[in-house]
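Here is the structure we will look at.
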Amino acid sequence: MPDKNYEILAPAGSFESLFAAVRSGADAVYFGMKDFSARRNAENFSVDEMRKGVKYCKRNAVKTYLTLNIAVKEKELQSAFSLAKEAYFAGVDGFILSDLGLAKIIHEAMPDVEMHASTQMTINSPAPLKMLKELGFCRVVAAREMSKTELIKFCETAKALGIQVEVFVHGALCMCLSGQCLMSSVLGGRSGNRGLCAGPCRLPFTAEGGTGYDLSLKDLSLLDHIGELLEMGVFSFKIEGRMKRPEYIAAAVTACKTAAEKGFLDNETKTVLGDVFSRSGFTDGYFTGKTGREMFGVRTEFDALKSKKAYSVLHNLYRNEFPRIPIEISASVKQSEPVKVRFVSGEYDVFFEGGIPEPAKTKSASKEDIKALVSKLGGTPFYAEKIDVLLDEGLFVSATEINGLRRKCCEALSEKLETIPQRRFFDVGFKTAGQRNSSRLEIYAEFESKSQIPEGLKEADLFILPIENCDGTENLLAPVAVKLPKFIKSEEQIKRKLKNLKERGINKAFCGTLPTVALAKECGMQITGDIGLNVLNSQNAKVLEDIGLGEITLSAETDLKSARELKTSLKKGIFAYGRLPLMATANCPLKNGIGCEKCRKNGKITDRKGLEFPVVCKNGYVEILNSKPVFLADKKDFFEGLDYIVLSFSDETSEDCRKIIDGYISGAPPKRDFTRGLYFKDLQ
């Protein structure tokens, strides 16, 4: 079977959705199990259903990718690995992963399966591609916020490394960079990084002059740009929608297939796609570089009404199997020999024999009659690419016999297609991580600007400042670490700045994404991992140590007991004070409202309850902070086993910062509205 130079990848949140994807022409499907999937709210698959789904897809020459792309807790590692093993021997073609520790174990134990780096890894620049290749990944899902220009560079690097690029081309668009969202877990107790996002961004959040839903983006659609994506080297066109109905899946796959074949999307197909589901239309704003108000939208009653009408006719898109597998058919009707029908497809070859044909009493069999019978492949995934018939004149063969041989060939070929090749498995086990002996608890103080740093402050062991605000820090009484941005607009600009800072004595970097880790490593910086790396287990910490990190700030979604008990030879710490960054977004809600011209670099959005959330401009993207800070100064006993705590100051004055640092040294009780974060919860 010839390979195309691209793949249409469809979501399957249920068995019916899987049928819809396959029968409407998807080349591959991705789905999750009941656990460890970034869409745990979908119906998803049991182990038995997974086996049946994989078998069905193999019969149709459709690849299957299992999502295991959540931040995995220490106590869950063995279960996640066991689930991967079940899928491996069921014949799944690839795993979509975000936890580096789980990925390393899978790669060592199950070398005959593909590993794809999930969008949850926040891969928004080419910098980490070489690192991911060395870890065993063969494909990377590019961040949805990347522009066309950025994607071109990304694809060039990926091609040079032999890595496939996967791009979301249609479906729901998160406001936050994937893998960096804490809004659902902090506000609703359901973690998006662990597959249970409650979708708080779809609720009313108001920016001055905005729409009232200033965190709700329209659905993404890049189908008009498929030709450009093909030209730049994107291999997999991914459709979002594991929570959507089968009719939606069928319509999206059909539209994507049409766009890929034509290089663009025709108006009729575009109308159908908009009717089946949209949020006041679609957006390509990130790809085209046109962010702002036009990218925002909500699901209206009119949208829902259009969908209801569209669903009734869309079932026809997946009523029958999609003919995707070419076969060469040969039939032989020879005197004194059994009737033979043979199917050949790629490496597979099947044939069956019937009875010996009799002399015709009236009408003799013709080649056209036999060709018509053997090519009746409706209801199967096969189509006749070539038909050869050997026929002696004057013979009779019944249609029933030819039909029976054709059906036997179809079934035998299907059975060969679903055969799972023998796969290697190595019982690598879980290597016990080393454990540091903590001595004195250190304080890392993070500031937005130098003006916040109290004069003469010597109680902090490390000062952390954004990369754009690190100049003029030579006289501070502790080392300085440069904090790198979560969204990379220019790798070269960051590398120039890092090299300049290193020449002036700043040699430590605070990194919350893999792109920033890779850039800091390239520039020879000492690296401390920030909470955005989502470390919840010792195996993940070990991989980061092997990459070159010396310290790791554990995920803000951990609990304090697990944080203290996590074994690692890295220095480990937690975010112990400050307004947690609930979102990092490349589309500013303040720009959506008053615009950049009137903005003072810092503003706020307000939720339906009247709570205010600071919005901080980060030079190319913004962070939306929690309405109140985490406070743990009076919980010092719970810091045992940690090496450091991060105190993060956003809108505090230098006097405020002085008092808070003193409070953490003395164990003072809180004096303002605060939260304990998620440290005393067992987040599911």
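So here's what we get for this one:
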item: Identity of the residue in the stretch 392-449, polar (S, T, N, Q), touching a strand residue (DSSP E or B) at 6+ places or on another chain (Cβ under 9 Å) and surrounded by 14 or more Cβ atoms within 10 Å (Cβ to Cβ), that ends up nearest to Ala365 (Cα to Cα); result: Ser414
item: Complete set of residues in the stretch 231-257 that are surrounded by 23 or more Cβ atoms within 10 Å (Cβ to Cβ), touching a strand residue (DSSP E or B) at 6+ places or on another chain (Cβ under 7 Å) and assigned to a helix (DSSP H, G or I); result: Ile249, Ala252, Val253, Cys256
item: Among (1) loosely packed, with under 14 Cβ neighbours inside 10 Å; (2) out of contact with any Gly (no Cβ under 7 Å at 6 or more places or on another chain); (3) over 30 Å from Glu86 (Cα atoms) - the single one Ile356 does not satisfy; result: (1)
item: The one condition in (1) of a type outside the set (Asp, Glu); (2) farther than 21 Å from Ser439 by Cβ; (3) surrounded by fewer than 22 Cβ atoms within 10 Å (Cβ to Cβ) that Lys635 fails to fulfil; result: (2)
item: Any hit, the stretch 361-380, residues being surrounded by 14 or more Cβ atoms within 10 Å (Cβ to Cβ), within 13 Å of Lys334 (Cα to Cα), assigned by TED's automatic domain parsing to the domain that holds Lys334 and of a type in the set (Gly, Ala, Ser); result: yes
item: Wholly enclosed helices (runs of 4 or more DSSP H) of the stretch 279-394 bearing at least 2 residues of a type outside the set (Val, Ile, Thr) and without any contact (Cβ under 8 Å) to a residue 60 or more places away in the chain; result: 301-314, 367-374
item: Strands (runs of 3 or more DSSP E) completely within the stretch 122-230 that count 3 or more residues being more than 30 Å from Gly595 (Cβ to Cβ) and in the same structural domain as Glu74 (by TED's automatic domain parsing); result: 139-141, 164-171
item: Selection status of Thr419, under 30 Å from Val344 (Cα atoms) and either assigned by TED's automatic domain parsing to the domain that holds Ile527 or among the β-branched types (Val, Ile, Thr) (or both); result: yes
item: Test result for Phe680, in contact (Cβ under 8 Å) with a residue 24 or more places away in the chain and in contact with a strand residue (DSSP E or B) (Cβ under 8 Å, 6 or more places away or on another chain); result: no
item: Residues of the stretch 47-84 satisfying the condition of being of a type in the set (D, E, K, R), under 21 Å from the mean Cα position of the chain (by Cα) and either within 25 Å of Gly192 (Cα to Cα) or part of a helix (DSSP H, G or I) (or both); result: Lys73, Glu76
item: Which listed residue, of Leu647, Leu642, is at negative phi, assigned to a strand (DSSP E or B) and not β-branched (Val, Ile, Thr); result: Leu647
item: Spans of strands (runs of 3 or more DSSP E) in the stretch 433-494 with at least 3 residues within 36 Å of the chain's Cα centre (by Cα) and aliphatic (A, V, I, L, M); result: 462-466, 480-483
item: Qualifying positions in the stretch 545-576 - in contact with a Gly (Cβ under 6 Å, 6 or more places away or on another chain) and not in a loop (DSSP other than H, G, I, E, B); result: Leu549, Ile552, Thr553, Arg564
item: Checklist (1) surrounded by 20 or more Cβ atoms within 10 Å (Cβ to Cβ); (2) at pLDDT below 95; (3) not hydrophobic (A, V, I, L, M, F, W, C) applied to Glu43, failing item; result: (1)
item: Members of the stretch 614-639 found to be part of a strand (DSSP E or B) and in contact with an Asp or Glu (Cβ under 7 Å, 6 or more places away or on another chain), listed by number; result: Pro614, Val616
item: Test for Leu417: is it without any contact (Cβ under 8 Å) to a residue 24 or more places away in the chain and among the hydrophobic types (A, V, I, L, M, F, W, C); result: no
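The values are calculated or read from the model by the stated rules, or taken from the named source; none is laboratory data. None of the values given here were measured: they were computed from a predicted structure. Here Cβ is always computed from backbone atoms with ideal geometry, including for glycine, and neighbour counts include all displayed protein chains.
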